[in-house]
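J.: Next up is a structure, given as structure tokens.
The values are calculated or read from the model by the stated rules, or taken from the named source; none is laboratory data. Bear in mind the structure is a predicted one, so any value in this text is a computation, not a measurement. Positions of Cβ are generated from backbone atoms using ideal geometry, with glycine treated the same way; all protein chains shown enter the neighbour counts. Ligands, DNA and RNA are excluded from the accessible area calculation, which covers all protein heavy atoms including side chains. Shrake-Rupley method; radii C 1.70, N 1.55, O 1.52, S 1.80 Å.
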Amino acid sequence: MSETKSYKSYFQSALDNVREEGRYRVFQDIRRKRGAFPKATWYSDPTHEREITVWCSNDYLGMGQNECVIEAVKSAVDAAGTGSGGTRNISGTTHYHVQLERELADLHAKDRALIFTSGFVANEATLGVMRKILPDLVIFSDEMNHASMISGIQRSRCEKVIFKHNDLSDLEEKLKLYPHDRPKLIAFESVYSMDADIAPIEEICDLADKYSALTYIDEVHAVGMYGPRGGGVCEARGLMDRVDIIQGTLAKAFGMIGGYVAADDVIIDAVRSIAAGFIFTTSIPPSTAAGALRSVKILKISQEIRDQHKERANALKARFRDAGFPFIDGDTHIVPLMVGDPVKCKAISDRLISEFGIYAQPINFPTVPRGTERLRFTPSPFHSDVMMDELMAALNVVWDEFALKRQKVA
């Protein structure tokens, strides 16, 4: 018992450090309202609740509230029960999984797709197995890549080379240092969710061809959102055939949970056969696969909702611009409002939800670098002008209260 108590002091010290840096994370207790997205109920404590508007959801298109998707989930539960019953190898491959993988392969114009329990696991397991398949592999990783990609690269125990974010010159200088015949893989994202920018995909593919490298792209913040069928930025730019492995998620625009990779048949078969993160994990429930299948099918033929979403994102950016708020005015649907201080960022978020019923989660280190703390807004097709007016009124109040700077309006 005494040893346990002495160990606890280390855990407490670690927590104290996080609190002192102003980056202790508090999970808001909310319940989404079916059919009323982006409205939700917030429980400030077990006895108090209020209606709020959610401004930070990754359910970008509200597909988690789509009646057709909900019905697909319920029908699958009625037909097949709840859990999958095992790993994919041991009774956990249902017809729903097979259909979903075929639909995802078609979405990305690839031979096959493979479903994982999350986008994180898809990245970690796929990148993590690469050295077993490609001995002496070196992985070139964008410095802003997601934690799941970093974890997968670390797990692979490959030689890792980090290149400056979206910097083609730096990437090429580093590629030049390695023999042409040495196995190489360039890992990067399409939409970077915290800085709202997009990778120069075509130019990276050109470098991959020039230096004989595989390409691996994370499209989790783009699938469902971009391209005529929601295949992501690669589809929108006509580049799907040039990227070797496309990784995506079912948990954002598709409104469900799970991740996947899509690629050439032999690549997927090798990952399926060797990656521990796939082999030893119980598969997603049949109902989840059924809901995702329905969502993917809907978004393949629903350009209108993508157009509406783009209009709403642009409308919020215009309001921020007119108010002089310091936000990242990127080419994507994500609108990061820069605060630059972890304590103020958390305090502003708390004030918005408690006083105005507006939920925007603070984004602090290690998700973003210290000094770049922000509120990350993700307007959806269902955020109305009235909701935007309410948001602007609240932000104007708290921005002045915390004496934060504004940019000059042209």
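J.: What do you reckon, is Gln303 among the polar types (S, T, N, Q) and surrounded by fewer than 24 Cβ atoms within 10 Å (Cβ to Cβ)?
T.: yes
J.: Looking at Ile363, Ile334, Ile328, which one is aliphatic (A, V, I, L, M) and in contact with a Pro (Cβ under 6 Å, 6 or more places away or on another chain)?
T.: Ile328
J.: Report, by residue number, each residue of the stretch 307-336 that is open to solvent by less than 10 Å² (accessible area, probe 1.4 Å) and over 20 Å from Phe382 (Cα atoms).
T.: Gly324, Phe325
J.: How about the stretch 373-391: which of its residues are open to solvent by 20 Å² or more (accessible area, probe 1.4 Å) and more than 19 Å from the chain's Cα centre (by Cα)?
T.: Residues satisfying the conditions are Phe382, Ser384, Asp385, Val386, Met387, Asp389, Glu390.
J.: Among the residues that make up the stretch 339-353, is at least one of them open to solvent by less than 50 Å² (accessible area, probe 1.4 Å) and either among the aromatic types (Phe, Trp, Tyr) or assigned to a loop (DSSP other than H, G, I, E, B) (or both)?
T.: Yes - at least one qualifying residue is present in the stretch 339-353.
J.: Let me ask something else about it. Could we say that Lys297 is assigned to a helix (DSSP H, G or I) and modelled with pLDDT of 95 or more here?
T.: Judged against the criteria, Lys297 is a match.
J.: Continuing with the same structure: Only one of (1) part of a helix (DSSP H, G or I); (2) in contact with a Phe, Trp or Tyr (Cβ under 9 Å, 6 or more places away or on another chain); (3) within 25 Å of Asp269 (Cα to Cα) fails for Gln154. Which number is that?
T.: The one condition Gln154 does not meet is (2).
J.: On to the next question. If you scan the stretch 105-126, which residues turn out to be assigned to a helix (DSSP H, G or I) and more than 17 Å from the chain's Cα centre (by Cα)?
T.: Ala105, Asp106, Leu107
J.: Additional query: Is it the case, given these coordinates, that Asp45 is more than 30 Å from Gln308 (Cα to Cα), of a type outside the set (A, V, I, L, M) and modelled with pLDDT of 95 or more?
T.: So Asp45 fails the test.
J.: Determine if the stretch 141-160 includes at least one residue that is open to solvent by 70 Å² or more (accessible area, probe 1.4 Å) and under 19 Å from Val223 (Cβ atoms).
T.: Yes: the stretch 141-160 contains one or more residues that are open to solvent by 70 Å² or more (accessible area, probe 1.4 Å) and under 19 Å from Val223 (Cβ atoms).
J.: What are the residues in the stretch 185-214 that are open to solvent by 40 Å² or more (accessible area, probe 1.4 Å) and among the hydroxyl-bearing types (Ser, Thr, Tyr), if any?
T.: Listed by number, the list holds a single entry, Ser212.
J.: Just the residues that are hydrophobic (A, V, I, L, M, F, W, C) and open to solvent by less than 70 Å² (accessible area, probe 1.4 Å), please, taken from the stretch 22-41.
T.: Once the filter is applied, which keeps residues that are hydrophobic (A, V, I, L, M, F, W, C) and open to solvent by less than 70 Å² (accessible area, probe 1.4 Å), the stretch 22-41 yields Val26, Ile30, Ala36, Phe37, Ala40.
J.: Hey, any hits in the stretch 29-51 for a residue that's under 24 Å from His383 (Cα atoms), without any contact (Cβ under 8 Å) to a residue 40 or more places away in the chain and of a type in the set (Phe, Trp, Tyr)?
T.: Among the residues of the stretch 29-51, at least one is under 24 Å from His383 (Cα atoms), without any contact (Cβ under 8 Å) to a residue 40 or more places away in the chain and of a type in the set (Phe, Trp, Tyr), which makes the answer yes.
J.: Could you check the stretch 190-277 for helices (runs of 4 or more DSSP H) lying wholly inside it with 3 or more residues that are over 16 Å from Arg112 (Cα atoms)?
T.: 201-210, 233-236
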